[in-house]
């Protein structure tokens, strides 16, 4: 009865109200407390054993690049093999744990994360360069994934059902776990997506090898530490930081790996898919790949739209967390009759954004590392040749990886900055003769993750819903900020496998249907 009540009462975790001084002070104290841990060594964890290695990943603060967050031990090929054997052995017992018991581990972890939410936010602020609101919202999302997938597992178990009856037979369909999963989360949501990818696999009865993003390994370690604290059995989550070239490809291609859950770049996702598609010697299955690989997301605005609302959404979608979201609205396509007016509104709002350290809660913080910094600046130089620069285009404080919010206008639909994912604070705007051409320009991309359409015309809205090709389409609102259980998330084309994270059906990706028939 208690578990049924949980199924009926899922609500999204509320974010912290930072208009309250006590909440701001509590977060500042958590940041100060985490600062006492800076420079620590963190271990690999295999089968519950903590292993410190000589080879380390150095995690730095992107807002203060001379500040080291910590040193993370790295797995080599031999340790990767040990990890996959450990996960395989543990699977034999973990798959036999009742679904409601597995779900209860998630509920306990969610409760503990609530108590420690400012501690997790503090790590996200210092290691990932997030501001207060972005960090706090990510913690909420991580909690949501645990609460929602826990409930969904109970529902999935209850949904095992008797299928069509025929005379003298009883037929029942159940869902059973797959095996060992390789979990590869991204650096931009290094807690929420790390949590979601991992617990969805675990709650369905699988064991995991978790490889954190190399620029944000400490927050992932804090998540694994929390799962240890609530008593998750050893070997269910094996924490294996390291170089993809050394151990990532090895695990992806290993005959004992059953599935890979990945969020990251298009190129890496396609590489994983290619490796997973090759059948290794001794492999007994076709591996599953659940991949979310980014986007070149756009917002279409017609002449009937509320231009003030559209401007706010364009700026928020383009520049929140420095545009480092796969859902970021990096393109705006505006019909010509309101083009100039809307551009002025967008420029005005964007020019008001303050650039600075997330620790001081600036609107726009640093990009993640030197590689991203260089790549974004290179795209800005390309943009200067392809379109008209009307805002930004320059760097900020040399203390970290700061780039001013940047806007290009009058871009051609086939230009580089309209086609390629920049993953930074760069917005490109194109003009369309009418709303139909605007939709054509929107669809002119190899991606298909999020899209937006601003209009007050119901017929056009219905046409946009029909014609705009993306996994998540938002009408008259931001194209970022998908809520677990409310906005199932995943994209088309080279945005990934459209796995729809945050939905009930998502758990079936880590399960396989088994029918049994009894003849009477």
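The values are calculated or read from the model by the stated rules, or taken from the named source; none is laboratory data. Predicted model only: the values in this text are computed from it and were never measured. Note that each Cβ is placed from the backbone with ideal geometry, even for glycine, and that neighbours are counted across all protein chains shown.
The set of residues in region 448-470 that are over 21 Å from residue 339 (Cα atoms) and touching a strand residue (DSSP E or B) at 6+ places or on another chain (Cβ under 7 Å) comprises 449, 450, 465, 470.
Sort out which residues of region 156-204 are under 25 Å from residue 262 (Cα atoms) and surrounded by fewer than 19 Cβ atoms within 10 Å (Cβ to Cβ), and write them in order of number. Break it down stepwise before answering.
Residues of region 156-204 that are under 25 Å from residue 262 (Cα atoms), as a first pass: 156, 175-204.
The one that is under 25 Å from residue 262 (Cα atoms) and surrounded by fewer than 19 Cβ atoms within 10 Å (Cβ to Cβ): 176.
The strands (runs of 3 or more DSSP E) found wholly in region 1-110 and carrying at least 3 residues that are touching a residue at least 12 places away in the same chain (Cβ under 8 Å) occupy 40-42, 44-46, 56-61, 64-73. Within the set 84, 57, 68, the sole residue that is within 30 Å of residue 401 (Cβ to Cβ), at pLDDT 95 or above and buried (at least 18 other Cβ atoms within 10 Å of the Cβ) turns out to be 57.
Here is a yes/no grid of residues against (1) part of a helix (DSSP H, G or I); (2) in the same structural domain as residue 265 (by TED's automatic domain parsing); (3) under 20 Å from residue 78 (Cα atoms):
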{"site": "221", "(1), (2), (3)": "yes, yes, no"}
{"site": "231", "(1), (2), (3)": "no, yes, no"}
{"site": "242", "(1), (2), (3)": "no, yes, yes"}
{"site": "245", "(1), (2), (3)": "yes, yes, yes"}
{"site": "248", "(1), (2), (3)": "yes, yes, yes"}
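For region 266-307, the tally of residues that are under 13 Å from residue 497 (Cα atoms) and part of a loop (DSSP other than H, G, I, E, B) stands at 3.
In region 509-519, the count of residues that are closer than 30 Å to residue 164 by Cα, touching a helix residue (DSSP H, G or I) at 6+ places or on another chain (Cβ under 7 Å) and assigned to a helix (DSSP H, G or I) is one or more. Taken as a whole, region 324-331 holds no residue that is under 24 Å from the mean Cα position of the chain (by Cα) and surrounded by fewer than 23 Cβ atoms within 10 Å (Cβ to Cβ).
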